[in-house]
Amino acid sequence: MFAIESKGLTKHYSNGKIKALSDFDLSVEEGKIFSLLGPNGAGKTTLIKLLLSIALPTKGEGYIFGKTTNHQDSRKNIGYLSEDHRLPGYLNSEQFLFYYGKMSGASNYELNQKIPKLLAQVKLEDKKSLKLKKYSKGMLQRLGTAQALLNDPKLIFLDEPTDGIDPIGRIEIREILLDLKKQGKTIFINSHLLSEVERISDEIAILKEGILIKKGRTEEFLESTGKYIISVERQKSNILTDILRNKNVNFESNEYGVIATIKDSDELNYIIDVIRMEKINIENIEVLKNTLEDYFIKILK
Ligand SMILES: Nc1ncnc2c1ncn2[C@@H]1O[C@H](COP(=O)(O)OP(=O)(O)OP(=O)(O)O)[C@@H](O)[C@H]1O
Ligand SMILES: [Mg+2]
């Protein structure tokens, strides 16, 4: 059974003038981190709203663990951090989680057990008495993530979870997400931060103007370029470039070393042998891969 499935999911606004999402087919396996990418207005939030049954589809169906999106059981299994959420500034984090927890139907006893654990999980235990109006963006985003975990959901939707967060905060959120994955949770992320997505996602889909452009495993987006970055001791880098020139290998030099376009592993090994025969120290050899950003820009252009 898939955690999420959609068949021909479509949402049009303004009598069909705005095609927010068109014939969207998707299946996300349980236990995976899935990321949906796309420029502003691509339809990412619309898809989440349809899957949560906050908005109703123009046509098509969505399923959460095999049940239709509007089924109560579907929602019981879901945690959700919305885009641009606003949390009540006059509450502290304990009061806030208690309030939201009660809305999810949890008992006082359960919440008293659960809230300290959640605050520890998102590293906010020392800020639990501080009013939310004094929280930084990163702290609010972490607390929002804790809120999405209150009902111990099997599936978590996070709409731009690292929006406006500094690099250290992003690493912390990434660790939280990987930890949740280890616990067997399925995570659905909408994001613009491609390097983040590249690091944690099992699968990625790219959406443009409501249409699915590509979906696949993350590795499929990070193809090898056939280029290798070779760095050797600086004083002898001109010998390396002579070797490549003699072998008719195309290359360019930059601050990290020489980027050589190498046909196959035979040619790579030959070049390594020649470098070593010249008694040059190899400091690093690395396959140059396309980043997700390269792919994203190429496909959207
Ligand atoms: N309630 C609504 N009424 C009319 N149009 C809407 C409504 N909600 C969304 N749209 C339109 O649907 C399209 C998709 O919007 P959506 O919010 O899903 O995009 P997004 O990919 O989440 O963008 P962002 O990256 O900016 O969050 C946009 O053209 C948007 O203006
Ligand atoms: Mg959005």
Yes or no: Glu267 surrounded by 14 or more Cβ atoms within 10 Å (Cβ to Cβ) and not in a loop (DSSP other than H, G, I, E, B)? yes
Does region 238-255 contain any residue that is of a type in the set (Lys, Arg), in contact with a helix residue (DSSP H, G or I) (Cβ under 8 Å, 6 or more places away or on another chain), outside any strand (DSSP E or B) and in the same structural domain as Leu26 (by TED's automatic domain parsing)? no
Please work out which residue is farthest from Ile213 (Cα to Cα), limiting yourself to region 20-54 and to residues that are within 16 Å of ligand 2 (Cβ to nearest atom) and surrounded by fewer than 18 Cβ atoms within 10 Å (Cβ to Cβ). Ile54
Hey, could you check region 88-104 for residues that are in contact (Cβ under 8 Å) with a residue 24 or more places away in the chain and more than 14 Å from Leu119 (Cβ to Cβ) and say which is surrounded by the fewest Cβ atoms within 10 Å (Cβ to Cβ)? Tyr90
Residue match in region 1-20 (condition: in contact with a Gly (Cβ under 6 Å, 6 or more places away or on another chain) and modelled with pLDDT under 95): yes
Output the residue which, of all residues in region 1-19 that are crowded, with 22+ Cβ neighbours inside 10 Å and either among the hydrophobic types (A, V, I, L, M, F, W, C) or within 16 Å of ligand 2 (Cβ to nearest atom) (or both), is farthest from Ile299 (Cα to Cα). Ala3
May I ask you to list pairs of residues, at least six apart or on different chains, whose Cβ atoms are under 8 Å apart, with the first in region 3-19 being at positive phi and the second being within 16 Å of ligand 2 (Cβ to nearest atom) and part of a strand (DSSP E or B)? Gly8/Phe24
Looking at Pro161, Pro153, can you tell me which residue is within 16 Å of ligand 1 (Cβ to nearest atom) and outside any helix (DSSP H, G or I)? Pro161
Please verify whether Glu293 is touching a residue at least 24 places away in the same chain (Cβ under 8 Å), of a type outside the set (A, V, I, L, M, F, W, C), part of a helix (DSSP H, G or I) and exposed (fewer than 15 other Cβ atoms within 10 Å of the Cβ), treating the condition exactly as stated. yes
Tally the residues that are modelled with pLDDT under 95 and either outside the structural domain of Asn77 (by TED's automatic domain parsing) or over 29 Å from the mean Cα position of the chain (by Cα) (or both), restricting the search to region 111-129. 1
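The values are calculated or read from the model by the stated rules, or taken from the named source; none is laboratory data. Remember, predicted model here, so these are calculated numbers, not experimental data. Using ideal geometry, Cβ is built from the backbone for each residue, glycine included, and neighbour counts are taken over all protein chains shown.
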